[in-house]
Amino acid sequence: MPQDKITHVFRILSFSLSIGVLVPYVTSAGEPSSLIPQKLAHSGLTWKQAIQIALEKQPLLKMAQHDVLEARAVMKQIESANYPQITGVYANTGGNTRVLSNLGISGSLPKPVNYLTTPGLRVDLLITDFGHTAHRVLAQKSLTASAEKAVLTAKALVILTVEQAYLNCLKQRRLTEVARGILRQRELIRGQLAVLYRHQLRSKLDFDFASVEVNRAELALITSENDLKSSFAALNNAMGLQPGAEYDLENITLSIIPVPPMESLFPKALASRPELLGSKDRLQATEQALQAAKALKFGHIAAMGTAGYTWWSREERLNGKELSNPGANLGWWGAGGASSFPLYTGGRIQGQIEEAAARKGLVDAGTRAIANDVVLQVTQAFLSRHTAEEQLTVVEHKVAHAHEALILAQEQYKVGLGSILDIVTSTADLLSAEVGLATAQYDFLASDAALAYATGVEHGRY
């Protein structure tokens, strides 16, 4: 082949390589495209919509809300002991059984009593149990408050999970776009090497090498697409929906806002984290439960009142002739009071006191453990965010350097000082840097969400 023809082929291939490789990654300003925020239409599923759906549909949050309803119902049951208990009774007896004045039934008569019918009312009133019920009510109020804090805890966790899943979808979508770009470039290079191979300007080894790179890019794209589908399934699960749907997501603009020093975040987190506040409520509940157990030693005083009307509905003739009980009816009422206090219970009350004291110590230790975990989570989230912020700067420089290296490899290829392998390697380095930049960007956003969760401020925004 004449030398001028060979030069002409090289120029065509160099120009096509330059256009094919650089266009997907360089803007008109000459900067890597991933460094410029991408704006998508606010259609499909936005960030706030995903969180709102989760707050409405997530079963974990619904479970926590029903726990609150259960705690309130238990509190009503305990408080009912402070009010009169009115019971309606309708008793009908025969044989040796009879209706007692407290509207119970007994069979203590030595002779038959035929067909006693008694409707009536019974009123029971607890006068005092020396604080036992009062302390139980206060304990249950604290447990109810703790259940309400658990709802906030679940809410914060749901929000964090949705945010992380949403960001993971954005990251996987970006990585899928990069994988498609890799495949396009590999196919372009393989096609160009095929032309060179047909003109005997490159060996078959170069063409086979390019074909292997295409196969690798195809496998990488398949993996990336599957990861994207999996991330959408995780997002649906985080929102409390059945997996399967995919959405057009709103791209999150990356903005680095300075955060206060780490030491100043600890008091804020300890005062705001709902699980820690809920643990303090449980600690207060155990203190009231201990006082309720101690009150058992004093017993209780109660009053009772009854009113009824009784019919003897059958005549009695003992000798078959003379009427000894013609049948009658009688209205009656009664009232009384009773007090009881334990003299000896075999250690039962003391055991209840010790049990309540042990539970208080357990919850107190758990509260301290939660506080330590909160401080640790804030520390880890702060350091992760700081690391992600520094990595962003490093990876941005890496993308810029990889871009310059690719331009240099193309220029060397044009003048015959480099090989196609240099361009393939430089392209791979640039794409790898692009992947690293996308990962670093979304890792920073995820660490920012984790820090907001750790300091206990994120759930208050929704």
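Every read-out reported here was derived from the displayed coordinates using simple, explicitly stated rules and does not represent laboratory data. Small disclaimer: the values here were computed from a predicted structure and weren't measured. Neighbour counts are summed over all protein chains in view; Cβ atoms, including those assigned to glycine, are modelled from backbone coordinates with ideal geometry.
Side notes on the structure shown:
- The calculated FRET efficiency for Ser101 paired with Gln380, based on their beta-carbon distance and R0 = 56 Å, is about 0.20.
- Taken along the Cα-to-beta-carbon direction at a fixed 7 Å, the label points for Ile256 and Ala194 span 4.5 nm.
- Averaged over residues, the count of other Cβ atoms within 10 Å places the peptides 361-370, 289-298, 345-354 in the sequence 289-298, 361-370, 345-354, highest first.
- Spin-label pair Ala73/Leu421, simplified geometry with 7 Å Cα→Cβ offset, distance in nm: 7.4
- Ordering of 452-462, 212-222 by packing [mean C-beta count within 10 Å, highest first]: 452-462, 212-222
- Pairs exceeding a 26 Å alpha-carbon distance, out of Lys62/Lys280; Lys48/Lys141; Lys155/Lys280; Lys76/Lys297; Lys141/Lys294: Lys48/Lys141.
- Sum of side-chain charges, Ile86 neighbourhood, beta-carbon under 14 Å (Lys, Arg +1; Asp, Glu -1): 0
- The length gained by stretching the chain between Lys57 and Lys229 to full extension, at 0.36 nm per residue less their Cα-Cα distance, is 59.8 nm.
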